[in-house]
Each structure stands twice: as C-alpha cells, then as structure tokens.
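Chemist: Quick one: the structure is below, and I'll ask about it shortly.
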Amino acid sequence: MNPDQTVFDTLIIGGGPGGLTAAIYLRRFTRNIALVDKGHSRLGWIPVSHNYPGFPDGINGKQLLENLRAQLGRYGGHVMPGEITDLRLEDGLFVGDCAGPDGDLTRLRAHTVLLATGVADAGMPVARWDEAVAAGAVRLCPVCDGYDVIDRRIGVVTSEVNPVGHALFMRTFSEDVLLFERSAASVLNEEERRQLEAANVRHVESALVGVSMSEDLKPVLHTADGEDYPCDVFYPMLGENARSDLAAGLGAETVECRKLLVDDHLRTSVPGLYAIGDVTRGLNQIAVATGQAAIAATSIHNTLPWALRTT
Ligand SMILES: Cc1cc2nc3c(=O)[nH]c(=O)nc-3n(C[C@H](O)[C@H](O)[C@H](O)COP(=O)(O)OP(=O)(O)OC[C@H]3O[C@@H](n4cnc5c(N)ncnc54)[C@H](O)[C@@H]3O)c2cc1C
C-alpha cells in the first residue's frame, strides 16, 4: 500500500502505550490506520514499573513497548518511524506531513486523527542522567514509584506549579523528605510553609544549583550557599510541557502545561481530532493512556462509516 495514495481511517501520531493500544484496537476493528512515531516514549525510561496491572514482578518499559508493537503486528499494523511536522485540514480530510528518519517526506491523509504525543519533562541538568534514571536514583513520577522508595532519604525540587504538593505526597512513604527550590526568591507562601512544617518536611532555603552522583550512584544536591545534601533518591518535579502544538495549530483547546482538553470520548474541540494519554489533562500513567486508547478507538470506529465485511 502506498501511504501517499491512501486515505486512512485514522492517523495516529505517537507510538507510546497510548498510540500503540489505540492502533491495536483499531486494527482489530479492521480499520485502515497509519501510526507514526518519533521514538521518544516516556515508557522507554522506566527501569521497572511495579504499578502497571498484570505484571506481579514488574515490567521494564522498553519490554512493554516491544510487547505492544508485537501485538500490533499480529493484526497487520506497524509503526512508521518519523515525525509529523505539520497537521492541517484540506477538503474535509486531515493531512499530516511525515518526515522520515532519512529526511524523506510522506503526506498522510486521514478521516480522523488521534494524537498520543505525550509530554516533555522540564527536568534539570543532573550528572549521569541516563544511568541515574536507569538505577532509580533519579525518578520522575511519585505516583508511579513512591512505594518503591519507602523509608529512603528523598530530595524533591519544585517550581511554581504545585510548589509543595509533591513533597507532601512523598511523606506517605518516608519521614525524611527534603524540599528544594530552583530560584533564589522562594515561591512558597505562608500557608505552604505551614503545611511543610506540620508534615515535618525539611524546606531547604538556599536555591538548588546542581545535582551530582556519588560513586555508588546516589544523588548529591548542591545549593547556592555551598552546602551538599546527599540523598537516596531525587525527584526533579519542575513541570512538563504537553506536545500539543499540532492540535493547537488546528484550534484545539488547551489548558495548563499546554495539555489538551478532551471530553468523555477523548474528543478535542476540533471535530475528528482525538487525543489520549499524557498529552491530555489528567494523570500521567500507562493505565490511563491505555484505558483512554480503548475508549477513543471505539468511539472513532463507531463514528466512521461502517466498514461492511464482504467475503
Ligand atoms: C522515569 C519514568 C517512570 C515512569 N514510571 C511509570 C510507572 O511505573 N507507571 C506508570 O503508569 N507510568 C509511569 N511513567 C509514566 C508513563 O511513562 C507515561 O504516562 C506514558 O508513557 C504515557 O504514554 P503516552 O502514550 O501518552 O506518551 P509517551 O509514552 O510519551 O509516547 C509519546 C510518543 O509520541 C512521539 N511523538 C511526539 N510527537 C510526535 C510527532 N510530532 N510525530 C511522531 N511522533 C511523535 C514521542 O516520540 C513518543 O514516542 C513513568 C515515566 C517516567 C519518565
């Protein structure tokens, strides 16, 4: 099949757990889909997830991605490596320009689009980042793995978005939680300081200026006043930016962190344009992305003209 000449039922942008699960559902509804993925799923960062249901011993993120791709392959689907660089409406169809890894350009046309492009973490420079994340010394999702760091010494750095929430959340798991800020001028108000004190979270007043790793791969947090704070685990909770530009360019409504607003069927405010997973407002979790994928794919299938079977 020549993708340039085909009108797809659905163009799926993003091949993380959300996009891949939607693709599996739509292929099993015998729909004609194109799935384009740039290859930076956050799933690829997860050393072991212990909260995704069905894997009592945990599952490695890359392995889960491989399993989903293999499952899609069983139904004749595959991932097109590349990036959708522009998305527009022409004569009632969505048109996406896909830049392939070799610089080749393919124009993909579709009746509907499902955006599953995820978020980019704001992050901060941390020495030996890849190793530290792989070893669980740096973590990005308290909901995912707070349970896995029970009774460790936990450093959290925060920003204006939800300044004390993450540190208070971590107190469920450890008595030894330190809260850092990035800027010299504190963003905490009196009420937030009182909440930290009541929960016995240590607020470090001097700004966090760097994070290095000890020889045994433990984070050491350095502040502007020259102090060092060795920790067991570091959570840089500095916010995120949803990769929603393609949808926003078509007029889709966004909210905080550029996340997309969707309804119960995962429809954006642009007819025919759906969004699921981290790019939408809600909890960044694999189970959420895959659950939303099931709802969106079924809604898309029921909205498109019936694909009547002939033998
Ligand atoms: C360190 C870490 C640990 C985590 N642990 C857990 C855990 O234990 N449990 C849990 O439930 N969640 C965990 N999460 C969160 C989980 O990874 C995300 O919620 C999940 O991956 C979201 O899936 P998604 O499909 O929405 O987006 P993603 O998995 O981020 O996939 C988005 C994909 O879209 C691609 N893309 C973006 N723009 C384009 C474009 N224009 N064209 C083509 N492709 C594009 C990206 O390259 C990427 O491959 C963790 C996250 C991190 C970073």
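Bear in mind that the values in this text are calculations on the coordinates, not laboratory data. The structure presented is a predicted model; accordingly, all values stated were derived computationally and were not measured. Please note: Cβ atoms are built from the backbone with ideal geometry, for glycine as well, and neighbour counts cover all protein chains shown.
Chemist: Would you please give the residues with an amide H less than 5 Å from that of Val209, counting only those at least 5 places away or on a separate chain, with H modeled from the backbone geometry?
Modeler: Amide H to amide H, under 5 Å and 5 or more residues apart or across chains, Val209 pairs with His222, Thr223, Ala224.
Chemist: Quick one: plug the Kirkwood hydrodynamic radius of segment 164-311 (C-alpha pairs) into Stokes-Einstein at 25 °C, 0.890 mPa s, and report D in µm²/s. If you can, show how the numbers build up before the last one.
Modeler: Details: Rh = 18.9 Å.
For the chosen part, D equals 130 µm²/s.
Chemist: Please give the contour-minus-distance gain from Leu105 to His78: 0.36 nm per residue of separation, less the Cα-Cα distance, rounded to one decimal in nm. If you can, show how the numbers build up before the last one.
Modeler: Working: separation 27, 0.36 × 27 = 9.72 nm, distance 1.81 nm.
Contour length minus the Cα-Cα distance gives 7.9 nm.
Chemist: How far is it, in nm, from the label point at Ala294 to the one at Ala127 when both lie 7 Å from their Cα along the line to the Cβ?
Modeler: Using points 7 Å along Cα→Cβ, the separation is 4.6 nm.
Chemist: Once you have the Cα-Cα distance between Trp306 and Asn189, take 0.36 nm times their residue separation minus that, and quote the gain in nm to one decimal.
Modeler: Numbers: separation 117, 0.36 × 117 = 42.12 nm, distance 5.64 nm.
In short, 36.5 nm is gained.
Chemist: While we're on this one: Residue separation times 0.36 nm, minus the C-alpha to C-alpha distance between Asp216 and Glu256: what's the value? Intermediate values should be presented prior to the final figure.
Modeler: Working: separation 40, 0.36 × 40 = 14.40 nm, distance 3.80 nm.
Here the segment from Asp216 to Glu256 would lengthen by 10.6 nm.
Chemist: Here's something else I'd like to know. Post the alpha-carbon centroid distance, segment 25-62 to segment 215-238, in whole angstrom.
Modeler: First find each Cα centre; the distance between them is then 31 Å.
Chemist: What are the ³J(HN,Hα) couplings of segment 290-305, residue after residue, when phi is run through the Karplus curve with 6.51, -1.76, 1.60 and θ = phi - 60°? Round to Hz, x for glycine and proline.
Modeler: For segment 290-305, the Karplus-derived couplings read 6, x, 5, 4, 4, 5, 5, 4, 5, 5, 4, 4, 6, 8, 5, x Hz, x marking Gly and Pro.
Chemist: Now, a different point. Using the alpha carbons of segment 213-261, what is the convex hull volume per residue in cubic angstrom, as a whole number? Write out the running numbers ahead of the final one.
Modeler: Numbers: hull volume 5.9 nm³, N = 49.
Given the Cα convex hull of segment 213-261, per-residue volume reads 120 Å³.
Chemist: Still on this structure, please answer the following. Using Cα-only point scatterers and the Debye equation, what is log10 of I(q)/I(0) for segment 162-208 at each q in 0.15, 0.16, 0.33 Å⁻¹, rounded to two decimals?
Modeler: Here log10 of I(q) over I(0) equals -0.33, -0.38, -1.39.
Chemist: Given Cα pairs under 8 Å that are at least 6 residues apart, what percent is the relative contact order of the chain? Please report the intermediate quantities before stating the final value.
Modeler: On the way: 658 pairs, mean separation 60.9, N = 311.
Rounded, it is 20 percent for the chain.
Chemist: Still on this model: With axes computed from alpha carbons, what is the tilt in degrees of helix 17-28 against the longest principal axis of the chain, rounded to the nearest 10 within 0 to 90?
Modeler: For helix 17-28, the angle is close to 20 degrees.
Chemist: log₁₀ I(q)/I(0) of the chain at q = 0.07, 0.12 Å⁻¹, via Debye over equal Cα point scatterers, no solvent, to two decimals?
Modeler: Scattering profile of the chain, log10 relative to I(0): -0.32, -0.84.
Chemist: Also, quick follow-up: By average Cβ neighbour count within 10 Å, what is the ranking of 64-77, 275-288, 36-49, 17-30 from highest down? Please list the in-between numbers first.
Modeler: On the way: 64-77: 16.0, 275-288: 22.9, 36-49: 19.5, 17-30: 24.6.
So the order, starting with the most tightly packed, is 17-30, 275-288, 36-49, 64-77.
Chemist: Another question, if that's okay. Can you tell me the dipole magnitude for the chain around its Cα centre, using point charges on the Cβ only (Lys, Arg +1; Asp, Glu -1), in Debye to the nearest 20? Display every interim value, and only then the final one.
Modeler: Details: 27 positive and 40 negative charges, 269 e Å.
Roughly 1300 debye, rounded to the nearest 20.
Chemist: Next question, about the same structure. Apply the Karplus curve 6.51 cos²θ - 1.76 cosθ + 1.60, θ = phi - 60°, to the phi angles in segment 160-172 and return the couplings in whole Hz, x for Gly and Pro.
Modeler: Per residue, the Karplus-derived 3J(HN,Hα) values read 4, 6, 6, x, 10, x, 5, 5, 5, 4, 5, 5, 4 Hz.
Chemist: Please state, to two decimals, what the Cα-based radius of gyration of segment 123-237 comes to when divided by 2.2 N^0.38 Å (N = residues). Each step should come with its number before you reach the end.
Modeler: Numbers: Rg = 13.0 Å, N = 115, 2.2 N^0.38 = 13.4 Å.
Rg over 2.2 N^0.38 Å, computed on Cα atoms: 0.97.
Chemist: Just to confirm the number: angle between the C-alpha axis of helix 61-73 and the first principal axis of the chain, 0 to 90 degrees, nearest 10?
Modeler: 10 degrees
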